[in-house]
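See structure below.
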Amino acid sequence: MSWHLAIETSQGTGGLAVRGSDGVVYTASLSSRSGIDDQLMPSLAALTKEAGCRPQDLSLVGVSIGPGGFTGLRIAVATAKMLGEVTGCTLIAVETALACARAHGGSGPLAVALASKRGDTWLSLVDGLRVVRAELVDQSGAEALLSGCRHLLADEHLPGPITSVAEALAIPMSPPVFQPEATLEVAEALAGQGEGVHAMDLSPLYPRAPEAVTLFEERSKAAQGQQDATKG
């Protein structure tokens with residue numbers, strides 16, 4: 001029996017979904033303020049056991065690649081890579097905006113705002129299974145991307161100036177929903193188009209340098225500066 005798995009851990013809430021060849025979908029929800037990385041593997045083991053799926057039964061693994069939380073994305077991608085290497089299954093990288101659009105339903109094109117921070121947001125224009133355009137934009141760049149959209153999916157962190165642009169264009173807004181079932185449906189559809197990726201090419205989508213990396217680089221520079229001062 002062939003099984004498909006989807007991993008949606010791009011945000012503070014998410015989950016897992018598996019589907020067998022009989023079409024039945026089993027799901028598990030994940031939620032944690034501090035991150036879901038400590039729940040992923042135990043939940044995956046419990047869910048596949050409930051569904052009667054073994055690792056070697058997996059023929060497809062789809063993973064939501066972001067933008068989203070640094071740790072959640074990295075652990076999801078690492079898990080998918082491991083499963084791909086061990087089982088030889090097809091790996092599908094699902095941009096989170098595509099999964100949000102599928103969960104929302106309706107006809108496109110629509111825009112999805114993710115990773116909003118400090119006055120800008122990662123804005124994706126989605127039409128069906130295609131991300132037509134995606135950019136890190138501020139108010140000045142948002143208007144061109146939003147023009148012609150039928151809907152905007154954005155959370156409460158969307159910068160006020162960009163919200164004003166959407167309101168001026170009379171674009172309805174609603175919060176994005178992160179459903180593993182939607183990620184699974186998108187992954188299966190992309191697989192049907194031959195969109196599989198090699199494990200070595202699977203990586204998270206980060207619109208900015210992760211804060212953990214930035215902090216590490218800053219501390220490394222400071223430490224190097226202290227060493228140079230000591231030597232001097």
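Quick note: the coordinates plus some simple rules give every number you see, no bench work behind them. Computed from a predicted model, the values in this text were never measured in an experiment. Note that we place each Cβ from the backbone using ideal geometry, even for glycine, and neighbour counts take in every protein chain shown.
Structure values in brief
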read-out	value
Rel. contact order, % - alpha carbon contacts under 8 angstrom, at least six apart, the range 1-98	31
Cα convex hull of the range 98-174, projected area averaged across orientations, nm²	4.3
Extreme residue, positive dipole direction of the range 73-232, given options 84, 106, 164 (C-beta unit charges)	84
Mean separation of Cα contacts under 8 Å (6+ apart) over length of the chain, as relative contact order %	22
Within the chain, percent of DSSP bridges classed antiparallel, to nearest 5	65
Helix runs (DSSP H) in the chain reaching 20 Å along axis by Cα, Kyte-Doolittle at least 0.5	70-87
In the range 52-113, the trypsin sites (Lys or Arg not before Pro) that fall in loop regions by DSSP, at most 15 other Cβ within 10 Å	none
Sequence ranges 108-115, 7-14, 46-53, 216-223, ranked by mean other-Cβ count within 10 angstrom, highest first	7-14, 108-115, 46-53, 216-223
Highest-first arrangement of 167-173, 136-142, 148-154, where packing means the average Cβ count within 10 Å	148-154, 136-142, 167-173
Computed over the chain, Cα set: Rg, Dmax in Å	19.4, 71
Charge dipole (the chain, unit charges on Cβ, about Cα centre) - positive-most of 216, 193, 173	216
